[in-house]
Structure formats: C-alpha cells, structure tokens
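Notes follow the structure.
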Amino acid sequence: MTYTAKDTEAGDDFLRCSNRATRRLQNGPMVDCSDSNVRMRVLNSAIHRGKTCISCLSTERTTQMHSQVGGLSTHKRPLLTIAPDYALKPLHLDHRGFREVAFYEALRLAQDDDNIKMCRHPFAHAEDSIAIGEESEKNIDHSATAIKREIQLLQRLAAFTPAYYGLVGQDPIVEPCANFPVSSEISPRSHLLLSDQTATFSKSCVVDIKMGTQSYEPDATKEKRDREISKYPKQEIFGFRLVGMRNYDPSHPQSDPAGFVFFDKVFGRTLETKEELLEAFRVFFKHGDDCERVRTDVISNLLIQLRAILFWFQENDCLCFYSSSLLMVFDGQLSPSDHNNIVAKAKMIDFGHVTRNNKGDDGFLHGLKTLVALFDTLVEHG
C-alpha cells in the first residue's frame, strides 16, 4: 500500500488527538494550569456565565455571611451574600482558585448531553471529539470510554454541590499577542457565584467537615505533608476533621446576641476519640433546651443525603477530592416556617485540589462511612 502526504497528515492529526486524549485522562489535576490558553478558555466561560446571571442582581448590596464557619482567618476574605439566595465565595489567587473555577465549569458543562454523545470532555479542543461507534485505535477508544465515564460521574455529582452561576468580579481575558500580553490570572476581586445553602433557614446551624484521610495532594512537599498531618493526626483514622460548627442554642452561656454558639477549628482538633466526636455532634444536633435529646429528624434526613453521596463515591473511579469539605445545614428553629419543607442540606464544597485518579477516592469514602456510622448511633440513641 502506498501512503500519500495526505495520509501522513491525517495520521499525524490522529496521533496528536490520541496523545491529547491520553494526557487529558492521566492522574493529576483535571486541567493544565500552566497552559494560558486553557486558563483563558475556562475563565471566559465562567465570566460569561456569571454576567448572564448577575445582570439581574445588585452586587453593591452584598453582606458578610454570618453563618460562615470554615475558612476563617485574619488574612482571608469572608464569604458574602446577595439577596435573595446567592453566595459569593472569594477565590484563591493561585492555582487553587483557577482549579476550583475549572471544576465548577466542568460540572456545568457535563450537563450538556452533546458532550456525552460525542464523548467530548468539557475542556477538550473541538478536534478531540470522538464519536461513539466510530472505529478507532485502542488508545482512542479507551479515552472515549473514560471521558464518557468521567462526564457521567460529573453529571451525577452536581446534585451534591451548591448550584453554580459563574464567576463575577473578573475582567474578561483576551487573546494575548506580542505587543499586548495579557495575564489570565485570578483577580483579587473575583468571586464564585453560588447558591446560599443557608438562605432557606431561619436559624441556620452549620458544620464544615474537611473530608478524606489526608488533606494534601500526592505531589505535596514533605513540609506541606507534615504541616497538614500535624493539624489533626486522627484524620487518617476517622477520614475527616471538624473545621467549624455553629449551632442555635440561646440558653448556652457562650451564645452570641443572636443565640448562636460557635466552635472553631481548634475545638475540632481536640476531638481524639469517636466518643468525643459523637458528643460534638450531640451538641450540634441538640434538641432545643433538652440536652438529652438530638434532632433525629434532621440526622435521619442528612443520612439519606450522605448515603447518596457515599454511593457515588463507591462508584467513583475517576476523581480525588483532597481538602474538600462537606457542608451540612439545618434550621435550629424548632418551628420552621410553613413554606420551608427542607429539613436539612448536605453539600460538597471547596474544590481547589481535585485531581484525576483512576482508583477513585478511598479517603473521602472512608470519612463518609465513619460519619454515617456516627449518625446512625445518634439516631439509635437519640
């Protein structure tokens, strides 16, 4: 058989497509942060999405979110809220901020059925699309299957995360040129526009739980590993650590003027045994003034949601969520408004360290199993 120049060119295109698809599915960050074109494409998509939504909102009427319990320190910007039910999350200015935007964009883009039909990864080049049923070499076929699998998992995962509406406060990124280089970096004014998980509750009780047996990525330096492990050595055993907790208990001697009691990350690091964890959750789910009872209605509802998330992680063979958290919210008011039939919410948050891993995330899964077991005990003895 004689190969023409056209055949050679087609073969080169096929190989490039194959190599890109293979690289895209390797273990590691979901997107290449070092590629300015990728950063530009992802950020502009998020900016466009945010402008579409923010046009009907007044960003000048933002207020600080008083129910925030995680990510609190003197050098960090606080979460903000916009009426009626939006939250503005400030972004890290380094790779973590970009990776979190990219993850939320992947969640939204995965909802596009065309990406499933064409096995098109949300961050793929157009020429990387691979039609189902099309004959291909083994690695292309494997990549198509893996891309489809990842998109399907992202589609299902979206139900367990806050609704995402885009990026605000970030100027659009334009194509750089020799005479006009443009930085595709995160702006200090940038915020993710998300749904406010506390908006539907009168007295929002909130707990932030950092999930996983480790809170650092595999390529972290020894200094980073040691620093993270020293924060809470028991995290490797329990699969999570309490970052912050806020419950409504006006009778508590340390409650604030609004009736809330706050427990910070230092408190969470003192919990050395499962019995101490159980006691902390008993405090969080306390039933009004009755110290002997817990809100079994709330815990039972959260268990349904936690088991749904646990089932997703049992099937997950694509992603790892280092340093991500579970946010759980319920109404501390024992007589909630009639219009609110939502008992409680459990959502995954904080996605600045999501990586691709073909073995899934056993650390997060272990933490979920521990939480479910603890909550089952609370319901049984509640």
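The values are calculated or read from the model by the stated rules, or taken from the named source; none is laboratory data. This one's a predicted model, so the numbers in the text were calculated from it and none came from an experiment. Neighbour counts run over all protein chains shown; Cβ positions are idealised from the backbone, glycine included. Note: areas computed on protein heavy atoms with side chains; ligands, DNA, RNA excluded. Shrake-Rupley method; radii C 1.70, N 1.55, O 1.52, S 1.80 Å.
Observations, loosely collected:
- Using the alpha carbons alone, the radius of gyration of segment 275-382 stands to its Kirkwood radius in an Rg to Rh ratio of 1.02.
- When the charge dipole of segment 183-292 is built from unit charges on Cβ atoms (+1 for Lys and Arg, -1 for Asp and Glu) and taken about the Cα centre, the candidate among 285, 218, 237 whose Cα reaches farthest toward its positive end is 218.
- The alpha-carbon atoms of segment 313-374 define a convex hull whose volume equals 118 cubic angstrom per residue.
- In terms of its alpha-carbon gyration tensor, segment 214-331 comes out oblate; a/c meets the 1.5 threshold, while b/c is at least as large as a/b.
- Solvent exposure of segment 192-341 as accessible area per residue, Å², 1.4 Å probe: 46
- Residue 265 - accessible surface, heavy atoms, 1.4 Å probe, Å² rounded to 10: 90
- Restricting segment 303-379 to chymotrypsin sites (Phe, Trp or Tyr not before Pro) in coil, as DSSP defines it, with at most 13 other Cβ within 10 Å: none
- The figure for residue 362 is an accessible area of roughly 110 square angstrom, using a 1.4 Å probe on the protein chains alone.
- Taking a Cβ cut-off of under 9 Å around residue 262, the surrounding Lys, Arg, Asp and Glu residues balance to a net charge of -1, with basic ones at +1 and acidic ones at -1.
- Just so you know, the Cα atoms of segment 215-280 work out to an Rg and Dmax of 15.1, 47 Å.
- Counting only protein heavy atoms and a probe of 1.4 Å, the accessible surface of segment 219-274 is 55% carbon and sulfur.
- Tensor-based shape of segment 144-300 (alpha-carbon gyration tensor, a/c under 1.5 rounded, otherwise prolate or oblate): prolate
- Overall, segment 278-382 carries a charge dipole of about 260 debye about its Cα centre when +1 sits on the Cβ of Lys and Arg and -1 on the Cβ of Asp and Glu, all other atoms neutral.
- Summed side-chain charge close to residue 241 - residues other than residue 241 whose Cβ falls under 11 Å, Lys, Arg +1, Asp, Glu -1: +2
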